[in-house]
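Since the structure comes first, as structure tokens, the remarks are kept for the end.
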Amino acid sequence: MIRARPLFIWLARLAVAAVFLGACIAKIRDPEAFALATHRYRLLPGGLVNAVAILMPWLELTCGAALLAGPRRGRAAAAFLLTAMLLVFTGAISLNLIRGIEASCGCFTTRADAAVSDGWNLLRNGALIWLSAAVFLDAFRKPARPEIP
Amino acid sequence: MNLAGSRLPLRRAAQLALDSAMLLAVAGLLGSLVNTIRPETTRLPWVSDWDRHIETLAFRAGIPVTFLQGARQRVGDASTAILDARSSEEYAAGHLPRALSLPVSDADRRILDYAHRLTPDTPILVYCGGADCDDALELAKRLREFGFRDLTLYPGGLAEWREYGGDILEGAAP
């Protein structure tokens, strides 16, 4: 019989890893366009925009790979970082929506004709935060080896 | 009191911090390495002067900015006036559908040509050649001085519009 909880955690790992491994491709391919997308949030000092655009996609790639194929400790750290990133992204998109900035989120594509961010982005991120946090808690709480009573 | 038990979460938190730092370091190394070895055409400098970017200047000037999707929407909306801030010759060579020519260098005089079409509350989209030109921003500022209140800058301009397959019309201003 298949137990529901491990299956859920495995599917959540798969989903979150797939999202981030897919999301990093366009950003790695065109860092200049991603830098512009990052700049459009108007949250970072100009001097940090390029550094974030250069490093962020690789953090997504590294964490996505660790989540998919890493050991338990690696999965916990990857899920922790991805949850933190998702919280930051969601806050940034929310701010853009509040300020009425008609920019795309820059999440999966850096093309200029990408859809403008809306409430759907927040819903999607909320679901991803839930999945990522579940993976993190599962990996973080699980002991590395059976503990001696 | 089980001291070993109370230390366990702390130990795990320390492990988590260490593992997270390792992932950050790996990502940092990969990002730096790839950015160094990638072709110069796609290499990004670690620092650019974003403070002089046209969108930053518009933001500071209080001129709202829109991007391709917003520009498409406004071009399709007959109530929005589309103003081309480039020279008349550049306008004649190609411009956005429904765009009117209002070169920034001659705005004070040419704005009178459109006095019957524009009111202070008319939504106006201004553009120029692309992200490298500031004519549209300068025109937007000038129009604001004239009393127009609903101004939006399209920084992508004609270059982006063309790149993404938007219709381009040719011919001199009517």
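At q = 0.30 Å⁻¹, what log₁₀ I(q)/I(0) does a Debye calculation on the Cα points of the range A:54-106 give, no solvent, two decimals?
Normalising to I(0) and taking log10 leaves -1.08.
Once each part is reduced to its C-alpha centroid, what is the distance from the range A:1-22 to the range B:23-46 in angstrom?
Taking the Cα centre of the range B:23-46 as reference, the centre of the range A:1-22 is 30 Å away.
Treating the Cα atoms of the range B:1-151 as identical point scatterers in vacuum, please give the log10 of the normalised Debye intensity I(q)/I(0) at q = 0.20 Å⁻¹, two decimals.
For the range B:1-151, the Cα-only Debye profile gives -1.21.
Between residue B:168 and residue B:78, take the C-beta separation as r, use R0 = 25 Å, and let me know the FRET efficiency to the nearest 0.05.
Efficiency computed from Cβ-Cβ geometry: 0.85.
Among DSSP bridges having both ends in the protein assembly as shown, what percentage is antiparallel? Round to the nearest 5. It would help to have the intermediate numbers written out before the result.
Details: 1 of 13 bridges.
Expressed as a percentage, antiparallel bridges in the protein assembly as shown total about 10.
Assuming R0 = 41 Å, what is the FRET efficiency of residue A:118 and residue B:116, from their Cβ-Cβ distance, to the nearest 0.05? All intermediate terms of the calculation are to be shown ahead of the outcome.
On the way: r = 37 Å, r/R0 = 0.90.
So the FRET efficiency works out to roughly 0.65.
Expressed as an acute angle from 0 to 90° and rounded to the nearest 10, what is the orientation of the C-alpha long axis of helix A:119-141 relative to the principal long axis of chain A?
Between helix and principal axis, roughly 30 degrees.
Run the 1.4 Å probe and let me know the accessible area of residue B:7, rounded to the nearest 10 Å².
Residue B:7 exposes around 140 Å² with every protein chain in place.
How big, in percent, is the set of alpha carbon pairs in the protein assembly as shown lying more than 26 Å apart?
56
What helices does chain B hold that run 18 Å or longer along their axis, going by alpha-carbon atoms, with a Kyte-Doolittle average of 1.6 or more, using DSSP H for the helix calls?
none
List the accessible area buried at the contact between B and A, summed over both sides and calculated with a 1.4 Å probe, in Å² to the nearest 100.
Numbers: alone 11180 and 9140 Å², together 16750 Å².
The summed interface area works out to 3600 Å².
What whole-number distance in Å separates the alpha-carbon centres of the range B:53-87 and the range A:46-75?
Using only Cα atoms to place each centre, the spacing works out to 35 Å.
Mind checking the per residue accessible area of the range A:52-149 for me, 1.4 Å probe, whole number of Å²? List each step's numbers first, then the result.
Details: 4650 Å² over 98 residues.
On a per-residue basis, the range A:52-149 sits at 47 Å².
With θ set to phi - 60°, apply the Karplus curve 6.51 cos²θ - 1.76 cosθ + 1.60 along the range B:83-96 and write out the HN-Hα couplings as whole Hz, x wherever there is a Gly or Pro.
Each residue of the range B:83-96 in turn: 10, 9, 8, 7, 5, 4, 5, 5, 4, 5, 6, x, 8, 5 Hz.
Considering the Cα positions of the range B:78-174, please state its Rg to one decimal place and its Dmax as a whole number of Å.
12.1, 34
Sort by residue number and name the cysteines in the protein assembly as shown that have no neighbouring cysteine Cβ under 4.7 Å.
Singleton cysteines: A:24, A:63.
Mind checking the log10 I(q)/I(0) for the range A:1-83 at q = 0.15, 0.22 Å⁻¹? Debye, one equal scatterer per Cα, no solvent, two decimals.
For the requested q values the scattering log ratios are -0.60, -0.97.
Express in whole angstrom the spacing between the alpha-carbon centres of the range B:139-174 and the range A:88-103.
The two parts, judged by their Cα centres, are 25 Å apart.
How large, in percent, is the carbon and sulfur part of the accessible surface of chain A at a probe radius of 1.4 Å?
Roughly 70 percent, rounded to a whole number.
Along the charge dipole of the protein assembly as shown, Cβ charges K/R +1 and D/E -1, which of A:93, B:166, B:29 sits furthest on the positive end?
Of the listed residues, the answer is B:29.
In the range B:35-174, carbon and sulfur make up what percent of the accessible area (probe 1.4 Å)?
51
Taking 2.2 N^0.38 Å as the expected size of a compact globular protein, what ratio does the Cα radius of gyration of chain A give against it, to two decimals?
Working: Rg = 16.7 Å, N = 149, 2.2 N^0.38 = 14.7 Å.
Output field value: 1.13.
Would you mind working out the accessible area per residue for chain B, using a 1.4 Å probe, and quoting it in Å²?
Accessible surface, normalised per residue, equals 54 Å².
The values are calculated or read from the model by the stated rules, or taken from the named source; none is laboratory data. What you see is a predicted model, and the numbers here were worked out from it, not measured in a lab. Virtual Cβ from ideal backbone geometry, glycine too; neighbours counted across all protein chains shown. Calculation scope for accessible area: heavy atoms of the full protein, side chains included, ligands and nucleic acids excluded. Shrake-Rupley method; radii C 1.70, N 1.55, O 1.52, S 1.80 Å.
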